[in-house]
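To start, the structure under review is shown below, and the notes come after it.
The values are calculated or read from the model by the stated rules, or taken from the named source; none is laboratory data. All figures in this text were calculated on a predicted structure; none of them were measured in a lab. Note that each Cβ is placed from the backbone with ideal geometry, even for glycine, and that neighbours are counted across all protein chains shown.
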Amino acid sequence: MQQARDARIKACALVVQGCLKRRPRILIMAIVRIVGTSHIAPASIEAAKSTILKFRPDCVAIELDPERWAALHQKQSSRPSIRNPTFFILNFIQTNLGMRTGVMPGSEMLAAVEAARQVKAQIVLIDMPIAEIMGRLSAISVWERAKLIFKLVVGMIPWPWREELDLSKVPPERAIEEALSWMKHNLPALYKVMITDRNEYMAHWIRELGKGHKRIVAVVGAGHKKGLERLLRNKSSKSRKRKRV
């Protein structure tokens, strides 16, 4: 039974990937609620579950692709190749922070899937395939990688004057905005791959899902929440203007 459910999730992901190759003629948006999470925060597990159980959507969109879903479902940490140093570093830092909170990175996604099954919602994996993300990361310059390593190392030092974030919760909105702003200006290529490109990819999927569903909950990392809301809002606004003309 479990294997059949997992197969349906993967099949659904492939179907939607096929839909993305065709430009939709009409945009029909559902009511979309986006849950921004921290992948290593216990509080995010409860937030994802409670939002789905209370809102009772007919579709739950998850920031995963089939490969990462399989790794999470099997309780295995992803093992990025050292051939892609950028992804290796990001994954290493996240895994170690997860050990400090006692939460395996991505546990809130598993909780969201379980809650979706409870309310009988369709489950769709909406993130860019990990192979494509890694391929794009491989093009980042050595200089940007060096700056990333330096920033991460400095960030892990417990400076006495710096306020420590509570890793058990989603970071405050201001902290997220500051981090994204720094990344955009100092690591533009990394920002484009990890934030801009993936936001556009996931927003496109949510729009496709909005044509066949009335209520959607999207569970994504907190760094994607505002960008997705902006993309969906702007697209809806443009669609309404075209209809009035």
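A few points about this structure:
- Looking across Gly212, Gly221, Gly155, one residue alone is in contact with a His (Cβ under 8 Å, 6 or more places away or on another chain) and either modelled with pLDDT under 95 or farther than 23 Å from Ile126 by Cβ (or both). It is Gly221.
- Complete set of residues in the stretch 35-80 that are modelled with pLDDT of 95 or more and of a type in the set (S, T, N, Q): Ser50, Thr51
- Screening the candidates Ile123, Ile133 for the property of being modelled with pLDDT of 85 or more and outside any helix (DSSP H, G or I) yields one hit, Ile123.
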